[in-house]
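Colleague: Quick one: the structure is below, questions incoming.
Every number here is computed from the coordinates shown, using simple stated rules; none is lab data. Computed from a predicted structure; not experimentally measured. No Cβ is skipped: glycine too gets one built from the backbone with ideal geometry, and neighbour counts run over all protein chains shown.
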């Protein structure tokens, strides 16, 4: 059984080990032991914070194999991308060029440094060990954050986004960075990412990045091709999030040009199709569900402290008042008969 | 009984008479006899055009009192706002200003000349005689255009907008124009409106209007106050359109700063809650509908040529397959038993 | 004798013949009788001071008095950009610096501007190949500077000259190919043709309006900003001798430099002198090449000759006095031909 | 005798006393011992040519040799904007025209720019009230121009001076009140204070970055663009005499003008001369007020005196030679004090 739960201080060694295997510049999760410690401490404070404040919180979740305690992955969600500054991205604008006398009218794309996403809630730090890619537990990890948000909407914005790593070559070079960021930062992509620790909400960005629209036709072909391209290692979260209801279109990352997926909460499955049900201890025959009647559901507890989520098989719940859970699952989720849970079909 | 139908050449004298009473600069409908003739001719061509082309068409509808043939009002919808150029508006952008060292971070609003609405379908030319304001027939006229679009979506964009007249004082002065347009056009608001004939899709706009964002704090207080303010005479269509699902937020008019309402078709009642039903001749007892069971519906024919729409009383149609119409209504709509009609509750 | 003088109505045929010899690339001197006679009419009215100063177009012709031939032409337009917008890119500087990262980037930027609106412009210089000898080229070009020195009140504060930008031998422009072409999808020669047809401002409407960092352009395009066409290098040096300099304005098509000067900084304004004509009496001890012009606007005339003004006087022979329509004790303005 | 000379380490006390007399409004001369001794150290290294030219800060003091008092100070900073961005608004022109409507609008625009990055700057001029007599003020200010004329290779192409902009008697600035304040919500004196604390570039970060049409501003703000504070008008005239001029750059706070000049256009560079010192032998026939400076960078010294160089020689008495640390047959550079 796989469980998603808030990170604990005791997870730090396992997270450090996990981070040691990460590709530079691709993942948004903390990589140095010090950064990991800070992230864990912030998450502990966030889960413990009163429910009516939305701001600095950044919640870090762990995917764990409950049978052996192994840490399989991590994922985070921040209440507000701009809690420590202004979140910058490039907005893909269209500028209309018109000349009546030459009878020419056409559109030019231009990238504008903008702060439009500052107040959005931000998903980040998604990582799952390779042998669990494309498994239900990867979906559980990605979605558990949103189920948490769906249970506690007062802690989050109505809009969500996630910035996924953009295209880099085998040497870690980003063609988008070469055409843009390098000219202002005067350093390599990976060096810049290390220096800013992956952040997009720091003042140095407005100090260094261009304030005027960047005309896309003036970028190199390689940079244009990289715009909105997701890094191979981020295809798993890209697919999961797209299925969830996120869409990439208007914004891209200012460093590597990677896609920024965004959605209003009403477009997200966890919000729009989540079912709030009461727990009911499963009778024996519930276990004998015929395969054709059995569906995979993600179940999450309706509480911030000791939040838990897992995967269960159940009959269709669309018109149900309760969800039948086995004792084992109830123990894992730390719920009792009559407790509220949120169920979303996988 | 009130009927909405496509304009006919024979309506020109009545339209000229109607236009003579219009307040300058407030209504988007054609005002000179020549302009009215052109608009009617264009509408005739549009209704007669093949159904699979969306572009130059501009459909002009007439609200008529069927009992005496009096012309009560008019309203239009264009397939594409930019069919004759690029449709310009001001987009209300937010620019984030950040200084870490001064610990200041705030947003500044700026108006950017943009062509974002060019491919949208545009509602315009709404006018109803004063004694019919706030009556169901005003709603019929406004909505009939959208019901027409809902019946023939292939002729329209997925997005719609309408630009409503902004605030002007009793002398026809626009404080927004005084602070902006006048500086570039060097003439009065009404003179400019006359010269461009209310158009927002002409090259002279890009020739004269500012190409850089206009910082809102630099506008006069009166101009800022006028931004997004609807002219008193446009409150009727404003209310009707807001109820329909249109929202004003992102765009304003480049001349008078009036609100531009926009919506995706899925947000509009005529699209989202329109019922396609078959006509059934009403039996006598249908007329004896008890008031509590009687609802007001707008009914439109599902055809471009000889399009008709009117108001009927009916029992709730939400789960019906057919709509019962009296013979009189059927004659007015020129439909027979079994014909498709679109019904939308008022 | 070679004299440069204010154009007259009867010079149309001579100017027309000259225009047929120009070839491509000079937008203001096309062999079009209507266009040229209109231009002469404006020029005649300009020298006659019958039109407002900012509308004037002073056209000078070089005449070979031995045969009456028109050997060359040059012009000063009083003010550019008053009929339709006059566009340039201006090179500016933006500094991006972050103390935190210890990064300091000083970036050149291109601003689409009409900053030179209202400046006087040197233009339409052409000398017939048969007369490209001696000091004729210098006389023809520099005649305009002495004119300005004589009538400085007629000119706005600034004087400019647009110079043809760098091109490859095949006629392509690295600047255009890497900037303009992205916004027009036409090649340089086509854009240049449209420009010749007076459509330059229409093209400018399509150029990107937001400031551009030069660093966005490939190196080959950056390298030619402010560089002249190889054939134009001598003209550039000549204008620079007279006090014009490059201050970061370039052509929007080919990035050729616009040279500029404030009128009161021109060498002619600073160093030319008014002296009195005397008959030739003795060989001048230190004669050197000088420009000598009369002080009439309506019949402005100028020659180049070896002479040495001294004590406020200048020795001119009868032929020279005749060429300048002046006589003993007339005032003339002089300046050394070379710096 | 009054002499202006390169500052020395032992001038700290004198400079400190002077700084206490300055009052508000001069950001570069605060009575702060650490700051001043740091600045003197840089200046001493500058005159000793021990640091790269672009890092130099030449500080001149006026000494009353009769009592050793430091009576005034002036400076030339070699290059601005290399440590942190140096911001100005540049006035540009944009033309909007429509043939169809027969409308032609020529609009002034404000561009936030760092265009003056790297220019040398005249700054930190202060003369003690007790010494505001005779030619002292001119000597103190103009000493810098003769220094530049002597060592032009040390200066970048352009020289600038920022002048205080227009203020109402109550200290408010119509330009700030109608522009900057909208973006900061602080009044001018507070912004000015922050600027004094070296926070000007941080404030600039908050100014609107997109080009602004001047026409957006109310008339009272438009009217003061490029206008100096009433107390600064004499300083402006003095700089203009030396060849500086207003070319459309203004301060981002109060729109005070930045005067500028290309170094080789300065009056001092154009007209100053090097002559040989001789002892006083006969009364000079047409003596007039002149600046006389030695040619040493390490111990640069300059005086103002009535004198008349002739035939490449200048008569200086023993006291003057001593003041300039020169002797008979030394070369000195001279320029008339007034134009």
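Colleague: What is the Å³ per residue value for the convex hull set by the Cα atoms of segment B:257-316?
Modeller: 151 Å³
Colleague: Next up: Taking every pair of alpha-carbon atoms in segment D:272-336, give the share separated by more than 14 Å as a whole percent.
Modeller: 48 percent
Colleague: For a quick size check, give me the Cα extents of chain A along its three principal axes, largest first, whole Å.
Modeller: Here the spans come out as 77, 49, 39 Å, largest first.
Colleague: For the residue pair residue B:222 and residue D:1, what label-to-label distance in nm results when each label sits 7 Å from Cα along the Cα-to-beta-carbon direction?
Modeller: Rounded to a tenth, the inter-label distance reads 6.9 nm.
Colleague: Any chance you could give the angle, 0 to 90 degrees and rounded to 10, that helix D:33-47 forms with the longest Cα principal axis of chain D?
Modeller: 60 degrees
Colleague: Sticking with this structure for a sec: Which number do you get for Rg(Cα) / (2.2 N^0.38 Å) in segment B:274-345?
Modeller: 1.00
Colleague: List the distances, in nm and shortest first, from the label point of residue A:319 to the matching label points in every other copy, placing each point 7 Å from Cα along the Cα-to-Cβ direction.
Modeller: Nearest first, the other copies' label points are 1.3 nm away.
Colleague: What does DSSP give for segment D:74-208 in terms of the percent of beta bridges that are antiparallel, rounded to the nearest 5?
Modeller: 90 percent
Colleague: Starting from the 7 Å offset along Cα-to-Cβ, what nm value, one decimal, do you get for the label separation of residue C:10 and residue D:262?
Modeller: Between residue C:10 and residue D:262, the label points sit 4.3 nm apart.
Colleague: With just the Cα atoms defining each centre, how far is segment B:1-41 from segment A:285-346? Give it in Å.
Modeller: 64 Å
Colleague: Sorted from largest down, give the three principal axis spans of the alpha carbons of chain D, whole angstrom values.
Modeller: Rounded to whole Å, the extents work out to 76, 49, 38 Å.
Colleague: Give the separation of the Cα centroids, segment D:98-135 to segment D:263-326, in Å.
Modeller: 33 Å
Colleague: May I ask what percent, to the nearest 5, of DSSP beta bridges between residues of segment C:122-272 are antiparallel?
Modeller: 90 percent
Colleague: Oh, and also: Take the alpha carbon atoms of the protein assembly as shown, find their radius of gyration, then divide it by 2.2 N^0.38 Å using N residues; give the quotient.
Modeller: Computed over Cα atoms of the protein assembly as shown, the ratio equals 1.15.
Colleague: I need the inter-copy label distances for residue A:340: point set 7 Å along Cα to C-beta, values in nm with one decimal, smallest first.
Modeller: Label-point distances to the other copies, shortest first: 4.4 nm.
Colleague: P(r) tail for segment A:1-155, what percent of Cα pairs lie past 22 Å?
Modeller: Taking all Cα-Cα pairs of segment A:1-155, the fraction more than 22 Å apart is 50 percent.
Colleague: While we're on this one: Can you compute the helix-only [θ] at 222 nm over chain C? Use -39500 (n - 2.57) per DSSP H run of at least 4 residues, normalise by all residues, nearest 500 deg cm²/dmol.
Modeller: Theoretical 222 nm ellipticity from helices: -7000 deg cm²/dmol.
Colleague: Please give the FRET efficiency for residue B:211 paired with residue B:190, using the beta carbon to beta carbon distance and R0 = 22 Å, rounded to the nearest 0.05.
Modeller: That gives a FRET efficiency of 0.30.
Colleague: Just the Cα atoms of segment B:194-346: what Rg and Dmax do they give in Å?
Modeller: Cα radius of gyration and Dmax of segment B:194-346 are 21.9, 67 Å respectively.
Colleague: Nearest-5 percent of antiparallel DSSP beta bridges in segment B:268-341?
Modeller: Counting DSSP beta bridges with both partners in segment B:268-341, the antiparallel share is about 70 percent.
Colleague: In addition: What's the percent breakdown of Cα-Cα distances in segment A:80-196 across 5 Å bins, shortest bin first?
Modeller: The percentages, shortest bin first, are 2, 8, 12, 15, 16, 15, 13, 9, 5, 3, 2, 1, 0.
Colleague: What Rg and what Dmax come out for segment C:203-316 when only alpha-carbon atoms are used, in angstroms?
Modeller: Values for segment C:203-316 (Cα only, Rg and Dmax): 21.4, 66 Å.
Colleague: Relative to 2.2 N^0.38 Å, what does the C-alpha radius of gyration of segment C:51-110 come to as a ratio? Two decimals please.
Modeller: Rounded to two decimals, the normalised Rg is 2.27.
Colleague: Translational diffusion coefficient, Stokes-Einstein: compute it for segment D:64-155 using the Kirkwood radius over C-alpha pairs as Rh, at 10 °C and 1.306 mPa s, and state it as an integer in µm² s⁻¹.
Modeller: It diffuses with D of about 92 µm²/s by this estimate.
Colleague: Other chains near C:12-18: what is the mean number of their Cβ atoms within 10 Å of each residue's Cβ?
Modeller: Other-chain Cβ atoms within 10 Å of each residue's Cβ, averaged: 0.
Colleague: Follow-up question, since we're still on this one. Evaluate the Debye formula for segment C:242-285 with equal point scatterers sitting on the alpha carbons, no solvent, and hand back log10 of I(q)/I(0) at q = 0.20, 0.22, 0.26, 0.28 Å⁻¹, in q order, two decimals.
Modeller: -0.75, -0.81, -0.92, -0.96
Colleague: Would you calculate a helix-derived [θ] at 222 nm for chain A, using -39,500 (n - 2.57) for each DSSP H run of n ≥ 4 and dividing by the full residue count, to the nearest 500?
Modeller: Taking each H run of at least 4 residues, the total per residue is -7500 deg cm²/dmol.
Colleague: Another question about this same structure. Taking every alpha carbon pair in segment C:1-97, what does the distance histogram look like in 5 angstrom bins from 0, in percent?
Modeller: In whole percents, the pair-distance histogram is 2, 12, 20, 20, 17, 11, 6, 4, 3, 2, 2, 1, 0, 0.
Colleague: Relative to the longest principal axis of the C-alpha atoms of chain C, give the angle of the C-alpha long axis of helix C:12-22, reported between 0 and 90° and rounded to the nearest 10°.
Modeller: Here the helix axis deviates by roughly 40 degrees.
Colleague: Would you kindly work out, in nm and rounded to one decimal, the distances from the label point of residue A:35 to those of the same position in each other copy, ordered shortest first, with label points 7 Å along Cα-to-Cβ?
Modeller: 6.1
Colleague: Can you give the average number of partner chain beta-carbon atoms within 10 Å of each beta-carbon in peptide D:98-110, as a whole number?
Modeller: Other-chain Cβ atoms within 10 Å of each residue's Cβ, averaged: 6.
Colleague: Could you tell me how far the Cα centroid of segment A:77-141 sits from the Cα centroid of segment C:26-65, in Å?
Modeller: 58 Å
Colleague: For helix D:136-150, report the angle its Cα long axis makes with the longest principal axis of the Cα atoms of chain D; keep it between 0 and 90° and round to the nearest 10°.
Modeller: Tilt of helix D:136-150: around 90 degrees.
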